[in-house]
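The values are calculated or read from the model by the stated rules, or taken from the named source; none is laboratory data. Quick caveat, the model's predicted, so the values are computed rather than measured. So basically every Cβ, Gly included, is an ideal-geometry build from the backbone, and we count neighbours across all protein chains shown.
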Amino acid sequence: MVALTDVQHLDLALLSSLLNVEALYFLIYSYIFGSTIYVSFIGGTIAFKALPRQQFGTLQAKSWPVHFGTTLVLDLVLLGLWTSSHPDVASAISDVKHVDVAQAHALILIALCSALNLFVVGPYTAKVWLERFRLQREEQSDEDKNLQVSPELKALNIRFGYMHAVSASVNLGVLISLIFHGLWIATYGVEKY
């Protein structure tokens, strides 16, 4: 980090000092953390309240894969930057009490959870949602109006609820890891201390 000891004026040298790996790291981390908070708690809640159920589901089915994919790619960039600036991670990767390794493990967990939601849980949940939507159309049922639904639709609702809970739990793993890592880098920085 650049320390400002005296009152300085903005000039090209000072501005160019902003272009560094640590600044890039913080920007990428901020994007991942902000988007995770937004899609998990803000955007989804607003859309759920504002849109009919099928439109909400369509929006979620289109937006979550983008979020998980972006999180996965950018997190792998963070992991690469972290391990390159903390070379002791490779030799101590199994030492969970090693502070640099613990941060690498948090980043690995974010990547694994994002990949799990992107490639396994998310597509399966979307498949169940589409089947549910198809069956609702066939039965001309509307759960929002508390009409009777068939046993098949009830079973799909249970399966969808289960998959949604799995996806939310995996996403919670991402959020907890992001908070842990964010507190660490806010306190100790990114560069090797």
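Descriptive notes on the structure:
- Ala106 being in contact with a Ser or Thr (Cβ under 6 Å, 6 or more places away or on another chain) and within 13 Å of Ile185 (Cβ to Cβ): yes
- When Ser150, Ser167 are checked against the criterion of being at pLDDT 95 or above and polar (S, T, N, Q), a single residue qualifies: Ser167.
- For the range 50-97, filtering for residues that are farther than 20 Å from Arg132 by Cβ and either part of a helix (DSSP H, G or I) or touching a strand residue (DSSP E or B) at 6+ places or on another chain (Cβ under 7 Å) (or both) leaves 25.
- Residue among Asp95, Asp100, Asp88, Asp75 that alone is within 21 Å of the chain's Cα centre (by Cα) and within 22 Å of Gly189 (Cα to Cα): Asp75
Quick grid of which residues meet (1) surrounded by fewer than 16 Cβ atoms within 10 Å (Cβ to Cβ); (2) closer than 21 Å to Ala168 by Cα; (3) in contact with a Cys (Cβ under 9 Å, 6 or more places away or on another chain):
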{"position": "His67", "(1), (2), (3)": "no, yes, no"}
{"position": "Asp75", "(1), (2), (3)": "no, yes, no"}
{"position": "Trp82", "(1), (2), (3)": "no, no, no"}
{"position": "Leu107", "(1), (2), (3)": "no, yes, no"}
{"position": "Asn117", "(1), (2), (3)": "no, yes, no"}
{"position": "Val120", "(1), (2), (3)": "yes, yes, no"}
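- When the range 44-57 is limited to residues that are closer than 18 Å to Ala165 by Cα and not hydrophobic (A, V, I, L, M, F, W, C), the one that is nearest to the chain's Cα centre (by Cα) turns out to be Gly44.
- Some residue of the range 172-188 being assigned to a helix (DSSP H, G or I) and farther than 30 Å from Leu78 by Cα: no
- Meets criteria (out of contact with any His (no Cβ under 7 Å at 6 or more places or on another chain), without any contact (Cβ under 8 Å) to a residue 60 or more places away in the chain, closer than 21 Å to Gly173 by Cβ and not hydroxyl-bearing (Ser, Thr, Tyr)) for Val96: no
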